[in-house]
Amino acid sequence: MDKFYVTTPLYYVNDKPHIGHTYTTVLADVLARYYRFMGVKTFFLTGTDEHGQKVAQAAEKKGIDCKDYCDKYAQFFNDMWMRMHIKYDHFIRTTDEHHRKAVTQALQKLWDIGDIYLGSYKGWYCVYEERFWTEKDLIDGKLCPDCNRPTNYIEEKSYFFKMSKYQDWLIEYIEKHPEFIKPDFRRNEVLGFLRKPLGDLCISRPKSRLRWGVELPFDKDFVTYVWVDALLNYCTAVGLWDNMSKFDEWWPADYHLIGKDILTTHAVYWPCILKALGITMPRTIFAHGWWLIGKAKMGKSLGNAIDPAALVNSIGAERLRYYLIRDMVLGQDATYTLDGLISRLNNDLPNDLGNMLSRVTNMVGKYFDGVLPAPNPTTDNEIIKLLTKAEGLSAKIKNLVLDLKTHQVLEEINSVIRAANKFIENTKPWKLAAEGENTRLANVLYHATQLIARVGLLLYPVIPEKSIQLLDSLGFEGEISLDTASEDEIIKPGSKITVTKPLFPRIEIKKIEKELGVETTEKIRTNDDKTEGLIEINDFSKIKLVVGKIVECNIAPKSENLLLLKVDTGEKIRQLVAGIAKWYKPEELVGKSIIVITNLKPVKIRGYVSEGMLLAADDGSIVSILMPDKALRPGCKVR
Ligand code: MSP
């Protein structure tokens, strides 16, 4: 492979980044770093998707000009990536002039070859997904099948891209190129979708409805559909029609990393657009799974998004990078829990890696004045066992990276670290020192040092700063690369070994809970599968449920997601704090009857005391408060 070009989706700037976005970006960064580590020339692209109705509405809601709004939110993404130690080669914004210009050119070309025609559109539009649906797609005749939000019926003059013309070609292409859509089950999903006739793609929005976008070069009354604009970024970022030698150097992309939510746009719309423009297909579109909270997708709109900024403040970027890569099997969904995160990080990092480094550096310090001893030829069983375990580790990691088995990379490395800790326990260097067995002692510490250096190098793409701290403490002076990691002797005898501050001190659950706020931890706990079990009727009767009437309701000044409700529960007026501001406006709720748990211990949520909890149902995308269907006075018992 002579080059590697990897992309993330361009994130909508309708809100700040959450863990889901952070995951795709960390994954791309880790892959880019592994490829650079393998000596492959690499280009890593990320950025923001800034046009379209969703962003325009978000700006309008805040009362800011669209471009100013995008500048501010694009910066949130950029800042987050800096904090996560993301080393991208280019951050594209769809409002960049060069990109807008190339999008205009692409539209003109499609028009010139007769692949765009004027028609009229009748259908239902979901602003959140920025997608049209036909009536038969809708749930209950009105809701978006992807996100369950209400759609708007639209009937208007529109331009269409002749996507249907490419259907047979696309099926054949996907069938002939098994690596084009990955994992295989996603490829089958796309082929299944393509069994139905493929419609043409509506690619315009009238300016009377939406001005925020790239104008159609052949009709000034329209802007183009945000997805046509956004997908083209993968080509415009590397110079399409602007710097063709750069374009030829990088295109086709090797991986478009995406979440499974945007498979159709990438695996159907995008190849058809490229084919029409006469541009080569990307090598692989890889759809990963979702981070879930309980059973629901983590997402901004669902109000359950974990804020990566808060996590980074609390545990640091390198731990978060490690967790995201280690705990998601690429392609499948993964469930986020704070407890899971803490136990993973405490087991793998301080217990295994940190412990190994501190043992080796301390013992070389104590027994050899901090200077790495030279080895002697040996037939020592323990050493041979360790060398066998470590043998070929670099090649194994390379293959796992090439196969996109990123979680296994960390699994593999960790199993070698555990073997190394076992090696120290079995060989007992402290005993060898006490018994004056200096030759064996030198051998044990020499080989343990080489192994920890190898592991430190191989972990560099995942935890770059900690890896450098580790290598520095071993006096490493070489080049950080796979070739170096494959050498038998990475640290030369005579190198100065120093004991540094612990690489990853243990994290304390209480401290993190406090730093992240009660709300987060409680939410995670309630969603945890472990709480799903059968209970006795007595257990149920311990919960005091009553009818309450909302007498006052306001958005919490310190958190726009929270509503502060004053609820009459018969015996008194209580304050309830609920994270439902995304689904209910305060004025909609005043006067309504709800169901309240009244015997919960009061808790503070973002600084506000909540004296109970209201009942609401959540299907993963919509939250609905339970309300009695007949008038009942406040305080009536629910049994
Ligand atoms: N703007 C479009 C993409 C255009 S690409 C030409 C878009 N943006 S988005 O802001 O909604 O980001 C979607 C991407 O964020 C997903 O495809 C995925 O990569 C990531 N994630 C968002 N939520 C996620 C999870 N809960 N879990 C994992 N990743 C998810 O769609």
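For the reader, a short list of remarks on this structure follows.
- Relative contact order (%) - criterion: Cα under 8 Å, at least six apart; region: the stretch 537-625: 27
- Straight-distance crosslink candidates among aspartates and glutamates, where the alpha carbon sits under 17 Å from Lys67 and sequence neighbours closer than 8 are dropped: Asp15, Asp49, Glu50, Asp96, Glu97, Glu215, Asp229
- The percentage of C-alpha pairs in the stretch 337-485 whose separation is greater than 22 Å is 40%.
- Sequence ranges 468-474, 259-265, ranked by mean other-Cβ count within 10 angstrom, highest first: 468-474, 259-265
- Exceeding the 24 Å Cα-Cα cut-off - candidates Lys16/Lys246; Lys54/Lys207; Lys16/Lys87; Lys54/Lys275: Lys16/Lys246; Lys54/Lys275
- Rounded to 0.05, the FRET efficiency of the Val551 and Ile64 pair, given R0 = 30 Å and the Cβ-Cβ distance, is 0.30.
- The stretch 323-358 versus the stretch 477-517: alpha-carbon centroid distance in Å: 15
- Here is the list for the stretch 56-117: trypsin sites (Lys or Arg not before Pro) lying in DSSP coil, each with at most 15 other C-beta atoms within 10 angstrom of its C-beta, are Lys87.
- DSSP-defined beta bridges in the chain - what % are antiparallel, rounded to 5: 70
- Distance histogram in 10 Å bins (all Cα pairs of the stretch 112-233, percent per bin): 12, 35, 37, 15, 0
- Helix 53-62 vs. the chain, principal-axis angle (Cα, 0 to 90°, nearest 10): 90
- A straight Cα-to-Cα reach below 19 Å connects Lys501 with the aspartates and glutamates Glu318, Asp348, Asp352, Asp369, Glu465, Asp472, residues fewer than 8 places away in its own chain not being considered.
- Based on Cα contacts under 8 Å between residues 6+ apart, the chain shows a relative contact order of 12 percent.
- For the stretch 358-495, the number of Lys pairs separated by eight or more positions or lying on different chains, with C-alpha atoms closer than 18 Å, is 9.
- When the square roots of the Cα gyration tensor eigenvalues are ordered a ≥ b ≥ c, the ratio a/c for the stretch 281-356 is 1.5 or more and a/b does not exceed b/c, which makes its shape oblate.
- By the beta carbon rule, with partners counted only under 4.7 Å, the chain holds these lone Cys residues: Cys66, Cys70, Cys147, Cys202, Cys235, Cys272, Cys553, Cys636.
- Helical content alone sets the calculated 222 nm signal of the chain at -12000 deg cm²/dmol, taking -39,500 (n - 2.57) per DSSP H segment of four or more residues and averaging over every residue.
- Cα gyration tensor shape of the stretch 253-298, rounded if a/c is under 1.5, else prolate or oblate by comparing a/b with b/c: prolate
- Cα gyration tensor shape of the stretch 427-519, rounded if a/c is under 1.5, else prolate or oblate by comparing a/b with b/c: oblate
- Cα Rg over Rh - the chain, Kirkwood: 1.03
- Computed packing ranks the peptides 504-514, 380-390, 343-353 as 343-353, 380-390, 504-514, most packed first, by mean other Cβ atoms within 10 Å.
- Relative packing of peptides 223-229, 362-368 - highest average C-beta neighbours within 10 Å first: 223-229, 362-368
- Straight-line cross-link reach from Lys295 at under 21 Å between alpha-carbon atoms covers these lysines, not counting any fewer than eight positions away in the same chain: Lys260, Lys523, Lys530, Lys582.
- Between the stretch 581-639 and the stretch 126-195, the alpha-carbon center distance in angstrom: 38
- Ranking of Val444, Val577 by count of other Cβ atoms within 10 Å, fewest first: Val577, Val444
Just so you know, all these numbers are worked out from the coordinates, no wet-lab data involved. Only a predicted model underlies this, so the values are computations on that prediction, with no experimental measurement involved. In this analysis, Cβ positions are derived from the backbone assuming ideal geometry, glycine residues included, and neighbour counts consider all displayed protein chains.
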